[in-house]
Every structure is written in structure tokens, then in C-alpha cells.
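First the structure, in the form of C-alpha cells, and then the observations on it.
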Amino acid sequence: MHKIQIGISSCLLGEEVRYDGGHKRNVYIISTLAQYFDFKSICPEMAIGLGVPRPTIRQVDMGQGVRVVGVNDVSLDVTDRLRSFSQEACGNLQGISGYILKKDSPSCGMERVRVYNSSDMPEKRGRGIFANALMQAHPNLPVEEEGRLMDPMLRENFIERVFIYFRWQQLINSGLTAQKLIEFHTRHKFNLLAHDEPVYRQLGRMVAEVDDDNLQALANNYIDMLMGGLKKPASRKRHTNVLMHIMGFFKNQLSAEDKQEMLDILDAYRLGRVPLIVPITMLRHHLRRNPHPYIEQQYYMNPYPEELMLRNSL
């Protein structure tokens, strides 16, 4: 399988770039995700020449804006250097399909970064300088922090978005046509329905109106709405709705006993008694016996490599 390239904070790969010469090597990233992703690592603080070891820095609200300064020496102000590097580096990140950031970092933290107020008290309301530039330059790029990846639902959501965004990038690189956009949307319908039904319906209406004249403008709106909708984690209720939709395509081919068994499994999933992989596996079993071309092309049935076992914990 072609490995997908994603960006990552260097310390998460075990690179000794922390202020104290250490790292924050993440075992899940190194042992599991590395089998499917190629990593482009960046440490903004090293990139602007702070070196290792280096004085610790933090975000401080100076009254006229937040600055990144030394903990023990506020005259060490690296805000402008970080912003300049981040804007340039993020402008060159065209080939990646996702990014994993180091949580809490004054440069890389995605959210709830400590900002110290005038009383020298921390308030978790900031975002790292590099992280902010990244998310502004690439608003549709799947971005997550390594700490949040330990949550099964957030981990699955991020990886699903990476694979979908990668397929979109492939579509654009192959030469976008109205027919290709329709096919892309058709194959991802159930993925989106599991996340955000209103966006699912909006995009359905949008794609129905695509033609050669409005293709580019529509495509830009399409990917904005798609990636925005996919950020909403899929709940058991919404997954159950999708699974019922899929079952509806071949329910008339099932015996009364098979149909009842399938409904019982769906109910057990909805109530939290079994993980998502159980009804998915049963649906695949019935689809092998009762093939349906429309369902077979749905990425929802296989959104990413099964070996990641993400649906085993949902």
C-alpha cells in the first residue's frame, strides 16, 4: 500500500529536540501508524535556531497581544521568529494529508495551550504559533494532537479524515471532472452520513447541480463542507442509522431468521454491548452472499486498512 504522508512534531518520533534534550516518543505513532504513514517532521523551535538544550518558553498575554517569551527571561521573545518560520513552512506543506501536533506546546499545541496572564496565572485558552499558522494555511487538513489520539473515537475520526482527504488530493491531482466529483461523493456518502446528516443532504443537492461551468467553485465549497462535516465524531446512533440504510439494500434477500439476527446485532451495537466491528462484519457476511454493487463501492465498509483495528474499540 502506498504510504500517506503526514506532518508531525519531531519530538513525537523520538527525535531529541526538546528544550532539555529529551523527546516525547509516542509508541502508537511509531509502532502502528508508521506502517501506513510517512512522516514529515518539524520542530519549529529548533528551526528558528533555539538549539538543545535551550531556555524554556511560554505564551504570555502582554496586554497588547500574546507573546512567546522565556520563562525566566522575558527579554527572550521568539514570537516574530516563530511566526515568520511557521508561515513560510506551512505554505510549503502541499503534499501532506494530515498533521499530528504535540499537545501543550507554545509552538505546536492545537488547543488549550497555557497563556499566562498579568498575574502570572495560566489560562488554557491558547494555540501554538506553528499550529495556528498550519490550521489557517490548510483549513481542511486533518489535524490532531497526540494526546487526543489515545481516545478511540477521536483516533478513528482523525485517521478516517486523513484517508478521505488523501483520496481527495489524488482526485485533484488526476484532473477533476464533474463525473469524478460525483463518483467521489457517491462512494463517501455513508461516511458523511455517519458524521453529519445535514451536511450530507446539503452536499447531495450541491453535487446534483455540478457541471463543467461551475465545477471548480463547487469543488472548493464541496471539500470545505465535507471536511467540516467529518470533524463531527460519528455516534452510535448515527452509525446505526447508516447500518440500517445499508441493510435496506438487501433485506429482501435475507431469511426471516437472518434479518432478525441482523436487527438484534444492530440493537446490541446501538446500546453499547458490542463494538462497531461486529455489525460491520455481519453485514459483510451477508453482502458476500448477496452482492450489491452500490454497497460494495462504499468506502464506509472499508474506510482504512482493517489492520488498524479502529472499529474494534468503537
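Look at residue 218 and say whether it is modelled with pLDDT of 95 or more, closer than 23 Å to residue 138 by Cβ and either part of a helix (DSSP H, G or I) or among the hydroxyl-bearing types (Ser, Thr, Tyr) (or both).
Values: modelled with pLDDT of 95 or more: yes; closer than 23 Å to residue 138 by Cβ: yes; either part of a helix (DSSP H, G or I) or among the hydroxyl-bearing types (Ser, Thr, Tyr) (or both): yes.
Spelling it out, residue 218 is indeed modelled with pLDDT of 95 or more, closer than 23 Å to residue 138 by Cβ and either part of a helix (DSSP H, G or I) or among the hydroxyl-bearing types (Ser, Thr, Tyr) (or both).
For the stretch 112-147, how many residues are in contact (Cβ under 8 Å) with a residue 40 or more places away in the chain, among the small types (Gly, Ala, Ser) and surrounded by fewer than 19 Cβ atoms within 10 Å (Cβ to Cβ)?
Number of matching residues: 3.
Take the residues in the stretch 80-118 that are farther than 18 Å from residue 56 by Cβ and of a type in the set (Ser, Thr, Tyr), then tell me which one is modelled with the lowest pLDDT.
118
For every residue, the table says whether it meets (1) closer than 23 Å to residue 308 by Cα; (2) out of contact with any Leu (no Cβ under 8 Å at 6 or more places or on another chain).
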| residue | (1), (2) |
| --- | --- |
| 3 | yes, yes |
| 18 | no, yes |
| 37 | yes, yes |
| 46 | no, yes |
| 58 | no, yes |
| 63 | no, yes |
| 66 | no, yes |
| 70 | no, no |
| 75 | no, yes |
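Being assigned to a helix (DSSP H, G or I), closer than 30 Å to residue 214 by Cβ and touching a strand residue (DSSP E or B) at 6+ places or on another chain (Cβ under 9 Å) narrows it down to one residue among 130, 166; which is it?
Details: 130 fails: closer than 30 Å to residue 214 by Cβ.
166 is the lone residue from the list that is assigned to a helix (DSSP H, G or I), closer than 30 Å to residue 214 by Cβ and touching a strand residue (DSSP E or B) at 6+ places or on another chain (Cβ under 9 Å).
Restricting attention to the stretch 288-307, which residues are crowded, with 17+ Cβ neighbours inside 10 Å and part of a helix (DSSP H, G or I)? Let's see the steps before the verdict.
We begin by selecting, within the stretch 288-307, every residue crowded, with 17+ Cβ neighbours inside 10 Å; these are 295, 298-300, 303-304.
Those that are crowded, with 17+ Cβ neighbours inside 10 Å and part of a helix (DSSP H, G or I): 295, 299, 300.
Name the residues in the stretch 25-74 that are out of contact with any helix residue (DSSP H, G or I) (no Cβ under 7 Å at 6 or more places or on another chain), closer than 27 Å to residue 122 by Cβ, among the charged types (D, E, K, R) and part of a strand (DSSP E or B), would you?
Answer for the stretch 25-74, where residues must be out of contact with any helix residue (DSSP H, G or I) (no Cβ under 7 Å at 6 or more places or on another chain), closer than 27 Å to residue 122 by Cβ, among the charged types (D, E, K, R) and part of a strand (DSSP E or B): 58, 61.
Give the stretch 40-90 a look and list any residue that's touching a residue at least 40 places away in the same chain (Cβ under 8 Å) and farther than 16 Å from residue 131 by Cβ, or say none.
60, 61, 63
Which condition from (1) under 30 Å from residue 229 (Cα atoms); (2) of a type in the set (S, T, N, Q); (3) surrounded by fewer than 19 Cβ atoms within 10 Å (Cβ to Cβ) is the one that residue 72 breaks?
Against the list (1) under 30 Å from residue 229 (Cα atoms); (2) of a type in the set (S, T, N, Q); (3) surrounded by fewer than 19 Cβ atoms within 10 Å (Cβ to Cβ), residue 72 comes up short only on (1).
The values are calculated or read from the model by the stated rules, or taken from the named source; none is laboratory data. Fair warning: this is a prediction, and the values are worked out from it, not measured in the lab. Heads up, the Cβs are rebuilt from the backbone with ideal geometry, glycines too, and the neighbour counts pull from every protein chain shown.
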